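K.L.:
Structure below; questions to follow.
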Amino acid sequence: MRVLQWEDLDRLLVFINNVVGEKKSDSRSPLYTGFDQKVSREEEAQWLAETLASIERGDVINVLAQVRNRIIANGEVTKGTHRDTFRHGRLGLTLLAKYRGLGVGRRMIEILVKESRRAGLKNLEVEFLAGNVAARRTYERQGFKEAAIIPKKVSRIRKYFDGLIMSREL
Ligand SMILES: CC(C)(COP(=O)(O)OP(=O)(O)OC[C@H]1O[C@@H](n2cnc3c(N)ncnc32)[C@H](O)[C@@H]1OP(=O)(O)O)[C@@H](O)C(=O)NCCC(=O)NCCS
């Protein structure tokens, strides 16, 4: 596990497009909002350049997981952008389906929590589908508590799903 770097561009492109493919092919995918369209190399390069600049400024804390030459997960905490929210972070984490349930997510959240605390953050929030049992369990085990349900936040093929926000103090 390590922080992403510019040399990861092609590995990240494969990773993100695998995630998009997984969501497209599985109507019951636990993946949350986004990941709806394949990403071009130019788009990924732009995202990576912006993310590296944000990490450099200290606005984003990142960790990714790699197995051999393959990126299997990417996680980050984005700090609040306002003067009165800059000690708050939003966490996001995506793991390829094949590697779920092996303890990778737990370890990545531990790292993000530790690095967020080190960066002076005071609380974190994370949001996902309320029916995502694995995510709820994983975050509960890391000290997160349910903060809010957003009824029918997500609409997919004429069905609505609730969003769940969990948070924890650091
Ligand atoms: C949610 C997610 C980050 C968890 O990471 P993971 O590596 O699969 O989870 P881990 O193997 O580290 O397990 C963490 C805990 O959750 C539990 N868990 C994992 N999968 C589970 C499942 N399908 N059902 C119930 N519990 C589950 C584990 O038993 C473990 O609990 P324990 O410590 O009590 O044993 C990962 O599965 C993922 O990215 N899923 C798809 C995207 C997603 O859901 N994103 C929302 C979060 S931002």
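The values are calculated or read from the model by the stated rules, or taken from the named source; none is laboratory data. Just so we're clear, the structure is a prediction, and the values are computed from it rather than from any experiment. Neighbour counts are summed over all protein chains in view; Cβ atoms, including those assigned to glycine, are modelled from backbone coordinates with ideal geometry.
K.L.:
Going by the structure shown, is THR138 within 7 Å of the ligand (Cβ to nearest atom), within 22 Å of LEU170 (Cα to Cα), of a type in the set (Ser, Thr, Tyr) and free of Cβ contacts under 8 Å to residues at least 60 places away in the same chain? Write out each step before concluding.
P.N.:
Working: within 7 Å of the ligand (Cβ to nearest atom): yes; within 22 Å of LEU170 (Cα to Cα): yes; of a type in the set (Ser, Thr, Tyr): yes; free of Cβ contacts under 8 Å to residues at least 60 places away in the same chain: yes.
Spelling it out, THR138 is indeed within 7 Å of the ligand (Cβ to nearest atom), within 22 Å of LEU170 (Cα to Cα), of a type in the set (Ser, Thr, Tyr) and free of Cβ contacts under 8 Å to residues at least 60 places away in the same chain.
K.L.:
Looking at region 102-115, can you tell me whether even one residue there is among the small types (Gly, Ala, Ser), in contact with a helix residue (DSSP H, G or I) (Cβ under 7 Å, 6 or more places away or on another chain) and modelled with pLDDT of 95 or more?
P.N.:
We begin by selecting, within region 102-115, every residue among the small types (Gly, Ala, Ser); these are 103, 105.
Filter once more, so that each one left must be in contact with a helix residue (DSSP H, G or I) (Cβ under 7 Å, 6 or more places away or on another chain): 105.
After this cut, where a residue has to be modelled with pLDDT of 95 or more as well, the list is 105.
Scanning region 102-115 turns up at least one residue that is among the small types (Gly, Ala, Ser), in contact with a helix residue (DSSP H, G or I) (Cβ under 7 Å, 6 or more places away or on another chain) and modelled with pLDDT of 95 or more.
K.L.:
Of the residues LEU31, LEU52, LEU95, only one is of a type outside the set (Val, Ile, Thr), farther than 27 Å from LEU164 by Cβ and in contact with a helix residue (DSSP H, G or I) (Cβ under 7 Å, 6 or more places away or on another chain); which? Can you show your working first?
P.N.:
Values: LEU31 fails: farther than 27 Å from LEU164 by Cβ; LEU95 fails: farther than 27 Å from LEU164 by Cβ.
From the options LEU31, LEU52, LEU95, the qualifying one is LEU52.
K.L.:
Can you say whether LYS38 is within 15 Å of the ligand (Cβ to nearest atom) and either loosely packed, with under 15 Cβ neighbours inside 10 Å or part of a helix (DSSP H, G or I) (or both), as far as the supplied structure shows?
P.N.:
no
K.L.:
A follow-up question, please. Go through region 17-35 and give me each residue that's among the aliphatic types (A, V, I, L, M) and in a loop (DSSP other than H, G, I, E, B).
P.N.:
Of everything in region 17-35, just one residue is among the aliphatic types (A, V, I, L, M) and in a loop (DSSP other than H, G, I, E, B), namely LEU31.
K.L.:
Please go through region 37-57 and pick out each residue that is over 24 Å from GLU115 (Cβ atoms) and among the charged types (D, E, K, R). Spell out how you get there, then give the answer.
P.N.:
Looking only at region 37-57, we keep the residues that are over 24 Å from GLU115 (Cβ atoms), and these are 37-43, 45-46.
Scanning region 37-57 gives LYS38, ARG41, GLU42, GLU43.
K.L.:
Name the residues in region 1-16 that are surrounded by 17 or more Cβ atoms within 10 Å (Cβ to Cβ) and closer than 24 Å to GLU127 by Cβ, would you?
P.N.:
Scanning region 1-16 gives LEU4, LEU12, PHE15, ILE16.
K.L.:
Looking at this structure, is ILE71 hydrophobic (A, V, I, L, M, F, W, C), under 13 Å from the mean Cα position of the chain (by Cα) and either buried (at least 21 other Cβ atoms within 10 Å of the Cβ) or away from the ligand (no atom under 11 Å from the Cβ) (or both)?
P.N.:
Working: hydrophobic (A, V, I, L, M, F, W, C): yes; under 13 Å from the mean Cα position of the chain (by Cα): no; either buried (at least 21 other Cβ atoms within 10 Å of the Cβ) or away from the ligand (no atom under 11 Å from the Cβ) (or both): yes.
It is false that ILE71 is hydrophobic (A, V, I, L, M, F, W, C), under 13 Å from the mean Cα position of the chain (by Cα) and either buried (at least 21 other Cβ atoms within 10 Å of the Cβ) or away from the ligand (no atom under 11 Å from the Cβ) (or both).
K.L.:
Can I ask one more? Please find, within region 87-103, the residue that is surrounded by the fewest Cβ atoms within 10 Å (Cβ to Cβ) out of those that are under 19 Å from ALA119 (Cα atoms) and near the ligand (Cβ under 8 Å from one of its atoms). Please lay out each step first, then the result.
P.N.:
Filtering region 87-103 for residues under 19 Å from ALA119 (Cα atoms) gives 87-93.
Now narrow it down to the ones that are near the ligand (Cβ under 8 Å from one of its atoms): 91-93.
Details: LEU91: 24, GLY92: 15, LEU93: 21.
Applying the filter and picking the extreme gives GLY92.
K.L.:
Since ALA148 meets every condition but one in (1) touching a Gly at 6+ places or on another chain (Cβ under 6 Å); (2) more than 10 Å from the ligand (Cβ to nearest atom), which condition does it not meet?
P.N.:
(1)
K.L.:
Right, GLU115: among the acidic types (Asp, Glu) and more than 15 Å from LYS79 (Cα to Cα) or not? Outline the logic, then answer.
P.N.:
Working: among the acidic types (Asp, Glu): yes; more than 15 Å from LYS79 (Cα to Cα): no.
So GLU115 fails the test.
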